[in-house]
Amino acid sequence: MIMPAKPNILVVEDNLPVRELMRESLEENGYVVFTASSGGEAMRILRVKGVDAVILDLVLPDTDGLVLMTDIRKATEAPVIVVSGKGTLVDKVVGLEMGADDYLGKPFEVTEFLARVKANVRRFKKDAARDSSVARKPRIKFGSLVLDPNKFDVFDARGKACRLTAMEFRLLEAIVAAPNRVLSREQLLEQVRAEALNVNDRAIDIQVGRIRRKIGDKGKASLISTVRSVGYMLTCDTEVLPD
């Protein structure tokens, strides 16, 4: 019987006791753990190791964690879980806007930390297996963009990928699937509630804002319309494209 490979986790944390607590907790629960105490060390690991999640502190000796997140996103599509002493609502909002998939403040309960990691890794592995385990889904054209469920991304008129995260893609996919119909925040929450444990109405607004920036959706001709106090609506028709 072939045993499934253990998920790989990269822990980026300069505080040794906290880093060791994370490492030991993860290893005890069946994960392979790589650790880094600086941004430079983290990027060296990511260049040679495939990971299923990144645990990221925002205060590092050689760089700001939010700046490092941009480089991490270029190196891997794995979920980034920020675990930081900067736990105010503003810090969480900024972290999500910069690309974090989840945010956990310090001090934290180990059980909650492990639950966040498990949920994000499960979602990431499910998405990675989509192409090989699920029949191909049709591409959908909306405006000048094409949503491709098989590649889990959206492409512009030149064929350039918008590089959406999994959560961003799921939200946009739901909006595109219901053209000219308002979807409430509660309906959109249902699309991502299983993907992350720390999702609320504010997080939905942040994710939609990031989607708009990535797909270049702005101005009077915006494809995604905000319906005040309700939710969002795709304002154009869609077209199913042939393979």
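Here, each number is a calculation from the coordinates, and none is a lab measurement. Fair warning: this is a prediction, and the values are worked out from it, not measured in the lab. Note that each Cβ is placed from the backbone with ideal geometry, even for glycine, and that neighbours are counted across all protein chains shown.
Among 163, 123, what is the fewest-to-most ranking by other Cβ atoms within 10 Å?
Numbers: 163 14, 123 20.
Taking fewest neighbouring Cβ atoms as first place, the list is 163, 123.
May I ask you to sort 146, 67 by Cβ crowding, counting other Cβ atoms within 10 Å and putting the fewest first? Mind dumping the intermediate values first?
Details: 146 18, 67 12.
In increasing order of surrounding Cβ atoms, one gets 67, 146.
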In this structure, among 86/126; 49/125; 125/160; 118/151; 86/151, pairs with alpha-carbon gaps over 26 Å are 86/126; 86/151
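What Kirkwood hydrodynamic radius do you get for the chain when you take the inverse of the mean 1/r over all pairs of distinct Cα atoms, in Å?
Working: mean 1/r = 0.0528 Å⁻¹.
Result for the chain, one decimal place: 18.9 Å.
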So residue 74 and residue 38, fully extended at 0.36 nm per residue minus their Cα-Cα distance, gain in nm 11.2 nm
A chain fully extended from residue 239 to residue 180 at 0.36 nm per residue, minus the present Cα-Cα distance, gains in nm 19.9 nm
Distance in nm between residue 67 and residue 190 label points, each 7 Å along Cα→Cβ, equals 4.4 nm
